[in-house]
1. Using only the Cα atoms, what convex hull volume per residue in Å³ does chain B have?
2. Relative contact order for segment B:54-140: what percent, with Cα pairs under 8 Å and sequence separation of 6 or more?
3. Taking R0 as 41 Å, what's the FRET efficiency between residue B:190 and residue A:29 from their Cβ-Cβ distance, rounded to 0.05?
4. So how compact is segment A:9-152: Cα radius of gyration and Dmax in angstrom?
5. What does the structure give for B:94-106 when I average, per residue, the other chain Cβ atoms found within 10 Å of the residue Cβ?
6. Measuring from label point to label point, each 7 Å out along Cα→Cβ, what is the residue B:252 to residue B:182 span in nm?
7. Averaged over peptide A:71-77, how many Cβ atoms belonging to another chain are found within 10 Å of each residue's Cβ?
8. Based on the Cα coordinates of the protein assembly as shown, what is the per residue volume of their convex hull in Å³?
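Every number in this text was worked out from the coordinates using simple rules, so none of it is lab data. Source: prediction; values computed, not measured. With ideal geometry, Cβ positions are generated from the backbone for all residues, glycine too; neighbour counts draw on all protein chains shown.
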């Protein structure tokens, strides 16, 4: 199946169905106005949003910053210089062993494709949100790639 | 036969499960935010002399007796010298105002008294005098149980409040329930997540060094998930307030609570 512009609900249902059975047959393209389009294949997004690999050092800074991704709000991460890390999400130490780059990318872009009820924000999404202040995604395509590059380095806890 | 028994058992188990789920949040007793704060803050809240929120309560006590407006009447002229005579009422807001055909919370009730009985201008939401009067009133009801009017016309208001509580919002795409039901006791960095109960409001926030109304807290939670906050006193915030009162029924009022 390949849709050029799947309606949000349909894309979500298809994504959830595809990923929960673990079948890799489902492929669809997501296009939102003013965001770079991306293709979900099976359990991940294989192609970098920017077309090239990100910078892990910058990714680490984004994971930590309150004004960036602020991933440590919810996740423990190997960033010891920050005092309190949240624990509403799983510990991300070793996530590079558990998930491929493509899987990490999908979880940052929009974790609702993996788990509709997820508490984790979609960092690269605009459509279908309620009462949002700004008309841009939480992170830009480059920021997402930098985070993917950084998380992929988190191995062997 | 075995199959029959098995399926019978299964049905029974399912019935138990579904009724358990359906009644789940009604049966679990609500927990006050006080159970989630650091020990230092608990001490500060429980010591009437040290609790900074008591400044507003004392100011409210003065305002209670001060005549105002063209009618030159004070709250005490209509309600008696001591607010405790009305304490039961403070525990039960928001309630439905049949004459006006809408729910009113304590803040708007105080303002209705001002505009209609005292012929004084309404006090702005979150102004010092309105916070003081609200705090004074709720403090007088301290230790009483929160009660919720969810009968009659309030049923729809409480139902609307529940919808708002469960509606994802903001760039973070989170509903109140994601934090205050599904992640109670967990942490967002230095903040320990409570059930988001309203029994301590207005609450003294140490990080802001001021008393804050419940609606101001709603705005802060909305802003935290990058949602456009609603106006103080907005219908949906009043509905949310009614739903929280329903959800927290039985909790003792602890105004003024002290929080981070």
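1. Hull volume normalised by residue count: 153 Å³.
2. Dividing the mean separation by the residue count of segment B:54-140 yields 43 percent.
3. Values: r = 41 Å, r/R0 = 1.00.
The formula returns an efficiency of 0.50 here.
4. In order Rg, Dmax, the Cα atoms of segment A:9-152 give 14.6, 43 Å.
5. 0
6. 3.4 nm
7. Mean number of neighbouring Cβ atoms from other chains: 2.
8. It comes to 192 Å³ per residue, whole-number rounded.
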